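I have placed the structure first, in the form of structure tokens, so that the comments after it can refer back to it.
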Amino acid sequence: MTTRRFIVEPRGLASNRLKLLVPLGSIFAALVVSGIFLLLTGENPFAVYGQMVDASFGSSRSVAETLISATPLILTGVAAAIAFKMQVWNIGGEGQFLMGAVFAAGVAIWLGDGTPAAIILPAVILAGGVGGAFWASVSAVPRVYLGTNEIITTLMLNFIAINFVNFLIFGSNSPWRDPEASAFPSGRPIPESARLAEFFQRLDVGIFIAILLTIVAWYLMSKTRWGFAVRIVGDSTTTARYAGIGVSRKILGVFLLSGAYAGFAGGLFVSGPVGALDPRSLILGLGFTGIIVAALARLNLIAVIPVAILLGALNNSGPALQSIGVPTATVTMLQGAILLFAVAGEFFIANRIRRPDKVDDLAADAGVTA
Amino acid sequence: MATSNNGSLAVELRNVDKAFYGVKANDNVTFELARGEVHALLGENGAGKSTLCSILAGLYRPDAGEMRFEGEPVTFKSPKDALAAGVGMVYQHFRLVSNLTVAENLALGHPDMGIRIDQKKLSRAATELGDKYGLPVDPTARIWQLSVGEQQRVEILKLLYRNAKILILDEPTAVLTPQEGQALFKTMRQMAGEGRSVIFVSHKLDEVKQVSDRVTVLRNGKTVGGVATEDAEPKDLARMMVGRDLELPTRDASGEPGRVVLGIHDLHVKSDRGLPAVQGISIDVHGGEVVGIAGVSGNGQRELAQGIVGLRPTDKGTVEIDGEDVTSASVLDRIQKGCAYVPQSRLGMGLAPGLTTEENLALKAFRRPPYSRGRALVASAFKDEGARQIEQYDIRGVRPGLPIRLLSGGNLQKALLAREVELEPKVMLLRSPTRGLDVGATEVVRNLVLSERDRGTGVLLISEDLDELMALSDRLLVIYEGEIVGEMPTEEASAERLGLLMAGQRDGSET
């Protein structure tokens, strides 16, 4: 009588296969749902998707552009993932990315022309990390020592950073502004020796640096003593205190590391494709997109890399759609749909649905008729 | 005592199944409750007692099976349905609103309450019911002002006020002193005498023997049998419960205690609210002895333990580990000086719930070899050491990558103790180490504690369970309102004497 058709129950342990299949299924479901929408608006979804794939992977130039877009997303994704794993809700990747760019461009301009690449390049990238960590510290120190809510402070500091970058270029005669720009204010180009070498179309070596930094973060978090202590703190601060771990210092460290990674992204973007502190090329929401990357990668640092490439491809395919008369907003819709399905997919990773066992059915029937 | 009468079944469960995480908590369970009886539900932890009660109380819906209430098939969709039918439950963790008064808590969720509640009428009803059933409690007091025992009375009053015909009490005696427990038994008998039915969940055989008319024993989610209490010998019940003969270990006569390994002198510690919780306690624990501290929960045990291990600042007094003053040392320092600690809350403090068993076994030792070399972790050591300890301490249910929180309570405690024992401590501080464990796991834990003592560790055992304290301790102290109010060798202790001291009555006899 009370026998049920389906039973939903929590799964103890999800297999790795499932953890891979569910996100792939989510992407497929998002494509199907968006395809129905495209069909209703009179488009051929296959043509649209074909065009998008073509625009992001169809030629060597488009592959290069996709990877250029993916490079900062890898690092802002790692930045978000290491913080979220630790229950530190740093959503200030955007601001930390921009302050990283400010520091990186500043150091490049200050060292100036003629500084050998062997000195200026590491200095610029490092300055990016320092800038991001500095901006994160503005939220991190009060969070750790006074218990302020980092969600609010990191979010607000994003807007301060955006306005600060705009002020440096549009609102002042700062060293970052190009004095020779005549018509419209723009950023001062950084010295040629501070630019990353391009090796494939416009693609520069920043992609390798980003992947290397990701592997370093992964090693730090999963293979070192410090990383193990951090994982304990991330799981339960009470337990960490009980085990003699200095909780405040660990949280501070992770918060700054997260900021540094967003800042590295800013530094690499400045010394890579952009070449100046240029608001129009930098304020693209790359820090915010990093949060989506981290969520889709299920906070797995290595998975961040393919996810960032996927989202980079999506971003790049927008303009190509316009050429066939499909609004660019389709890309935003698809991004939203993927995220939505990915979040819903978490349910299937955490739970399973099964039919009651045959034996149970028999027993239940016997029970009812007895 | 009333015997069962099949003509007046209050509740009948037939072939009930309920699974969690794919594990059957109730497997084809059949249970009959007669009107006017106290029916004990006996079983080890994880045997499915709480699940069965929660199904009766409407909190869970069974996957399969049938429930009849006074002969009619019913489906409870929520505890509200169950209460409307007259079935109420007192959970182990009380469902009271601590900022409201006793009377207001009676009104909560009551179907007859309008927008305005009549405090006076409620208070009168609470007093009347309290007098009638021997459940005295001040109806105008706020819940947070009450002791745990009083809060439990409020829970029972709530059910009586709604005229529940079936009352389910889930391990009610776990939080009571022996005297309070006796008073509760009287109330239970009185309720049964009026034709109400009481389900009494316990794993203590003597209590079951004393208060119940009938016993149903559960093991591994299955009904093992139902018997009239009169006909059941405690030994038989124990065998039904565990599935084999079993003797709980107790200590043998104490050996020669060694030097003082834990010295506490005039310790003062404040509670979270900033009130004095530990007020001048001095204890010396020698190597090779178990010192037990008995007391009702909330008398400063938590603050004392946290003050000793360094998790809470102390106001005054000193703590010495193996002769060294550690009063202002960090938690880590004290761990490294040989202070092991088994806290009361396993998943809340002692273990990192989301990490694996292997990682939890390394929770304190990860800083040194074999777990780490320099600043890098050694993955193989986690695997090998983990496998060895899982085998040696018989920790069951471990699978690669499985978060430890999915293990059963007994296995959690085995893992926690294994880790602390592996540190080879000089001092071991234990808080209620067998609380909520089944008989089998209790046996393992007690053996581990006693073997630590025999190894020469000084053990300080803080517990509310008198059986456990008497079985393990060489000396017993009683804590009341932050002070030690009595001390005696275990041989001179009795449940009555300890119970009186725990309730705050100073000991007349010499110690």
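The values are calculated or read from the model by the stated rules, or taken from the named source; none is laboratory data. Quick caveat: nothing in here was measured; it's all calculated off a predicted structure. For neighbour counting, all protein chains shown are included, and Cβ atoms are generated from backbone atoms with ideal geometry for every residue, glycine included. Each accessible area value is taken on the protein alone, full model and side chains, heavy atoms only, with ligands, DNA and RNA left out. Shrake-Rupley method; radii C 1.70, N 1.55, O 1.52, S 1.80 Å.
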**Report entry** Residues located in the stretch B:29-41, provided they are open to solvent by 10 Å² or more (accessible area, probe 1.4 Å) and within 14 Å of another protein chain (Cβ to nearest Cβ)
**Finding:** B:30, B:32
Query raised in the report: When the residues of the stretch B:42-94 are filtered to those that are of a type in the set (Lys, Arg) and over 17 Å from the mean Cα position of the chain (by Cα), which remaining residue is farthest from the other protein chains (Cβ to nearest Cβ)?
Result: B:80
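Conditions (1) modelled with pLDDT under 80; (2) within 14 Å of chain B (Cβ to nearest Cβ); (3) surrounded by 14 or more Cβ atoms within 10 Å (Cβ to Cβ); (4) touching a Ser or Thr at 6+ places or on another chain (Cβ under 7 Å), marked per residue:
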position: A:318; (1), (2), (3), (4): yes, no, yes, yes
position: A:340; (1), (2), (3), (4): no, no, yes, no
position: A:348; (1), (2), (3), (4): yes, no, yes, no
position: A:351; (1), (2), (3), (4): yes, yes, no, no
position: A:356; (1), (2), (3), (4): yes, yes, yes, yes
position: A:363; (1), (2), (3), (4): yes, yes, yes, no
Report task. From (1) over 26 Å from residue B:85 (Cβ atoms); (2) in contact (Cβ under 8 Å) with a residue 12 or more places away in the chain; (3) surrounded by fewer than 12 Cβ atoms within 10 Å (Cβ to Cβ), pick out the condition that doesn't hold for residue B:111. Result -> (1)
Report task. Look at residue A:158 and say whether it is within 22 Å of the chain's Cα centre (by Cα), of a type in the set (S, T, N, Q) and under 19 Å from residue A:278 (Cα atoms). Result -> yes
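Here is a yes/no grid of residues against (1) in contact with a Phe, Trp or Tyr (Cβ under 8 Å, 6 or more places away or on another chain); (2) of a type outside the set (Ser, Thr, Tyr); (3) farther than 19 Å from residue B:410 by Cβ:
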residue	(1), (2), (3)
B:25	no, yes, no
B:30	no, no, yes
B:33	no, yes, yes
B:37	no, yes, yes
B:42	no, yes, no
B:47	no, yes, no
B:52	yes, yes, yes
B:58	yes, yes, yes
B:63	no, yes, yes
Requested in this report: Can you tell me which residue among A:202, A:241, A:231, A:225 is more than 13 Å from chain B (Cβ to nearest Cβ) and charged (D, E, K, R)?
Outcome: A:202
**Report entry** In the stretch B:413-431, residue farthest from residue B:367 (Cα to Cα) [restricted to those that are open to solvent by 10 Å² or more (accessible area, probe 1.4 Å) and part of a helix (DSSP H, G or I)]
**Finding:** B:414
Report summary line: Flagged in the stretch A:12-27 as over 20 Å from residue A:334 (Cβ atoms) and either in a loop (DSSP other than H, G, I, E, B) or at pLDDT 85 or above (or both), in numbering order, are A:12, A:13, A:14, A:15
Query raised in the report: Does residue B:295 meet the test of being over 23 Å from the mean Cα position of the chain (by Cα) and at pLDDT below 90?
Result: no
**Report entry** the stretch A:52-86: number of residues that are within 30 Å of residue A:161 (Cα to Cα) and open to solvent by less than 30 Å² (accessible area, probe 1.4 Å)
**Finding:** 20
Requested in this report: Go through B:388, B:435 for me and flag whichever is touching a residue at least 60 places away in the same chain (Cβ under 8 Å) and not hydrophobic (A, V, I, L, M, F, W, C).
Outcome: B:435
Report summary line: Among the residues of the stretch A:42-95, the number that are among the hydroxyl-bearing types (Ser, Thr, Tyr), free of Cβ contacts under 8 Å to residues at least 24 places away in the same chain and either touching a Phe, Trp or Tyr at 6+ places or on another chain (Cβ under 9 Å) or assigned to a helix (DSSP H, G or I) (or both) is 1
Query - Every pair of residues 6+ apart whose Cβ atoms lie under 9 Å, when the first sits in the stretch B:367-385 and is outside the structural domain of residue B:401 (by TED's automatic domain parsing) while the second is surrounded by fewer than 18 Cβ atoms within 10 Å (Cβ to Cβ) - result: none
Report summary line: Conditions (1) open to solvent by less than 10 Å² (accessible area, probe 1.4 Å); (2) outside any helix (DSSP H, G or I) -> residue A:244 fails only (1)
Query raised in the report: Could you count how many residues in the stretch B:397-412 are more than 14 Å from every other protein chain (Cβ to nearest Cβ) and open to solvent by 20 Å² or more (accessible area, probe 1.4 Å)?
Result: 1
Report task. Quick one: in the stretch B:195-238, of everything that is basic (Lys, Arg) and at pLDDT 80 or above, which residue is nearest to residue B:440 (Cα to Cα)? Result -> B:219
Report task. For the stretch B:172-214, enumerate the residues that are over 21 Å from the mean Cα position of the chain (by Cα) and hydrophobic (A, V, I, L, M, F, W, C). Result -> B:191, B:192
Report task. State all residues of the stretch A:268-314 that are open to solvent by less than 40 Å² (accessible area, probe 1.4 Å), among the hydrophobic types (A, V, I, L, M, F, W, C) and assigned to a loop (DSSP other than H, G, I, E, B); if no residue qualifies, say none. Result -> A:276, A:277, A:297, A:301, A:303
Query raised in the report: From B:168, B:199, which residue is in contact with a His (Cβ under 7 Å, 6 or more places away or on another chain) and not in a loop (DSSP other than H, G, I, E, B)?
Result: B:199
Requested in this report: Examine the stretch A:87-108 for a residue that is touching a Gly at 6+ places or on another chain (Cβ under 7 Å), surrounded by fewer than 24 Cβ atoms within 10 Å (Cβ to Cβ) and either of a type in the set (D, E, K, R) or more than 17 Å from residue A:267 (Cβ to Cβ) (or both), and state whether such a residue exists.
Outcome: yes
Query raised in the report: Only one of (1) open to solvent by 40 Å² or more (accessible area, probe 1.4 Å); (2) part of a helix (DSSP H, G or I); (3) at pLDDT 85 or above fails for residue B:484. Which number is that?
Result: (2)
Query - Residues of the stretch B:434-455 that turn out to be of a type in the set (Asp, Glu), open to solvent by 20 Å² or more (accessible area, probe 1.4 Å) and in a helix (DSSP H, G or I), as a count - result: 2
Query raised in the report: Checking residue B:425 against (1) over 30 Å from residue B:291 (Cβ atoms); (2) touching a residue at least 60 places away in the same chain (Cβ under 8 Å), which test does it fail?
Result: (1)
